[in-house]
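Visitor: Quick one: structure below, then a few questions.
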Amino acid sequence: MLDLQRLRALHAVSVHGTVGAAAVALGYTSSAVSQQIAKLERETRTVLLERRGRGVRLTDEARQLVAAAQELMAIVERAETELEERRGRPSGRLTIAAFASAARGLMPSVLADLARRHPALDTRLTEIDPHLSVDLVARGAVDLVVAHDWDIAPLPAPAGVEQAVIGDDLCDLLVPRGHPFAARSAVRREELGGERWICPPPGRVCHEWLVRTLRADGHEPDIVHQADENPTLVALVAAGLGIALIPRLGRGPLPEEVVEVPLDPLPARRLYALWRSGAARRPAIAETVRALREHWPRVSAHTPR
């Protein structure tokens, strides 16, 4: 008889790519995940993982087990949904993935609200890139995702995944205090050519939006510095090394050396909650979406400007 928890561990390695990342997603230690898979290998008398440098590769037999695990997890999810629906209140474990600034600026108040209202609900948060998170929820690795998109880079919602709009996060142009734009009440997008830019690395939604927007206005962006974290981007702007376009959510107070200037028109990214259609009836899903929508106006109203 195959153990479901061991199959979950193997499935998590398949989704996240490494034992360490799977352990973080499951809330275990790396050694615990390795032990689960080792026991599964002994039970099946099959090699499931092969070392590849610092990572691992799933064998063909492991991929067959992962497909079976996904089917079993879907059955368990339906059973848990029906039980929770009969109880009529959120309960059990709910895994949530959110992009970095939402994890910092929105999720703490939402998770605290859920814990206060529903002590039987065990929420678990993981920070992850929005492009990756949609695939995670579709494959059953997490229960609910908080993601975002931009007008020129819409968020794909695969079959079997439902979504709800949380709200719009406005973005501003950040410039050093001595920059010519610093005294302006607004800057038009067509004026941005020839600037030195600081932004996230390629593959991030903000990077793609900046490149596409400037090229649409006939400008090739000169990206001189790249960093993942908003505080790092702000620090680079404060040092006078370039300008940046940064969303307000989770940005934090700006140092005196940095001036916020609105773009005309003002860019915005839209925040969504996404979950699998099979879990749509779970009270925990409905209550989490409610909390996200309820807290968003307060969070966005108090975001530093």
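Visitor: Between Ala32 and Arg212, how many nm apart are label points set 7 Å from Cα along the C-beta direction?
Guide: Placing both labels 7 Å beyond Cα along the Cβ direction yields 4.0 nm.
Visitor: Using heavy-atom solvent-accessible surface (probe 1.4 Å) with all chains present, what is the largest-first order of Val259, Val224?
Guide: Val224, Val259
Visitor: Apply 1/(1 + (r/R0)^6) to the Cβ-Cβ distance of Ala182 and Glu294, taking R0 = 35 Å, and write down the FRET efficiency to the nearest 0.05.
Guide: My answer for the efficiency is 0.45.
Visitor: Also: What is the distance, in nm, between label points placed 7 Å from the Cα along the Cα-to-Cβ direction at Ala268 and at Ala159?
Guide: For the pair Ala268/Ala159, the computed spacing is 3.3 nm.
Visitor: Which FRET efficiency, nearest 0.05, do Arg117 and Ala301 yield, Cβ-Cβ r, R0 25 Å?
Guide: Here the calculated transfer efficiency is 0.70.
Visitor: Give me the 1.4 Å probe accessible area per residue for region 240-305, excluding ligands and nucleic acids, in Å².
Guide: On a per-residue basis, 41 Å².
Visitor: Please report, largest first and rounded to whole Å, the three semi-axes of the ellipsoid equivalent to region 162-280, where each semi-axis is the square root of five times an eigenvalue of the C-alpha gyration tensor.
Guide: For region 162-280, the semi-axes come out at 27, 16, 14 Å.
Visitor: Could you work out what % of the accessible surface of region 244-303 is carbon and sulfur, using a 1.4 angstrom probe and leaving DNA, RNA and ligands out of the count?
Guide: That fraction is 54 percent.
Visitor: Cα extents of the chain along the three principal axes, largest first, in whole Å?
Guide: Each principal axis gives a Cα extent; for the chain these are 70, 48, 32 Å.
Visitor: To the nearest 20 debye, what is the magnitude of the charge dipole of the chain about its Cα centre, counting +1 on the Cβ of each Lys and Arg and -1 on the Cβ of each Asp and Glu?
Guide: Charge dipole of the chain: 820 debye, to the nearest 20.
Visitor: Let me ask something else about it. Say each of Glu82 and Glu190 gets a label point 7 Å from the Cα, pointing the same way as Cα to Cβ; how far apart are those two points in nm?
Guide: Here the answer is 6.2 nm between the modelled labels.
Visitor: Counting only heavy atoms of protein chains, what accessible area per residue, in Å², does region 59-112 have with a probe of 1.4 Å?
Guide: Here the per-residue accessible area is 51 Å².
Visitor: Give the ranking of Met73, Met107 by solvent-accessible surface, highest area first, calculated with a 1.4 Å probe.
Guide: Result, largest first: Met73, Met107.
Visitor: Moving to a separate point now. Counting only protein heavy atoms and a 1.4 Å probe, tell me what percentage of region 1-57's accessible area is made up of carbon and sulfur.
Guide: The C+S portion of the solvent-accessible surface of region 1-57 is 50 percent.
Visitor: How much of the accessible area of region 126-213, in percent, comes from carbon and sulfur atoms when a 1.4 Å probe is used?
Guide: The value for region 126-213 is 52 percent carbon and sulfur by accessible area.
Visitor: Using Cα pairs closer than 8 Å and at least 6 residues apart in sequence, work out the relative contact order for the chain, in percent.
Guide: Computed value for the chain: 22 percent relative contact order.
Visitor: Here's a follow-up. Packing-wise, with mean Cβ within 10 Å as the measure, how do 43-51, 139-147 rank, highest first?
Guide: With the highest mean Cβ count within 10 Å placed first, the list reads 139-147, 43-51.
Visitor: For Arg281, put the label point 7 Å out on the Cα→Cβ axis and report which residues of region 70-103 keep their amide N under 14 Å from it.
Guide: 75-89
Visitor: Another question about this same structure. Using θ = phi - 60° and the Karplus form 6.51 cos²θ - 1.76 cosθ + 1.60, what ³J(HN,Hα) does each residue of region 173-183 get, whole Hz, x for Gly and Pro?
Guide: 7, 10, 10, x, 4, x, 6, x, 6, 4, 8
Visitor: Another one. If you restrict to DSSP beta bridges whose two residues both lie in the chain, what percentage is antiparallel, to the nearest 5?
Guide: Around 65 percent antiparallel, to the nearest 5.
The values are calculated or read from the model by the stated rules, or taken from the named source; none is laboratory data. What you see is a predicted model, and the numbers here were worked out from it, not measured in a lab. Quick reminder, even Gly has a Cβ in these numbers, built from the backbone with ideal geometry, and neighbours come from all protein chains shown. For the accessible areas, the whole protein counts, side chains as well, though only heavy atoms, and no ligand, DNA or RNA atoms are used. Shrake-Rupley method; radii C 1.70, N 1.55, O 1.52, S 1.80 Å.
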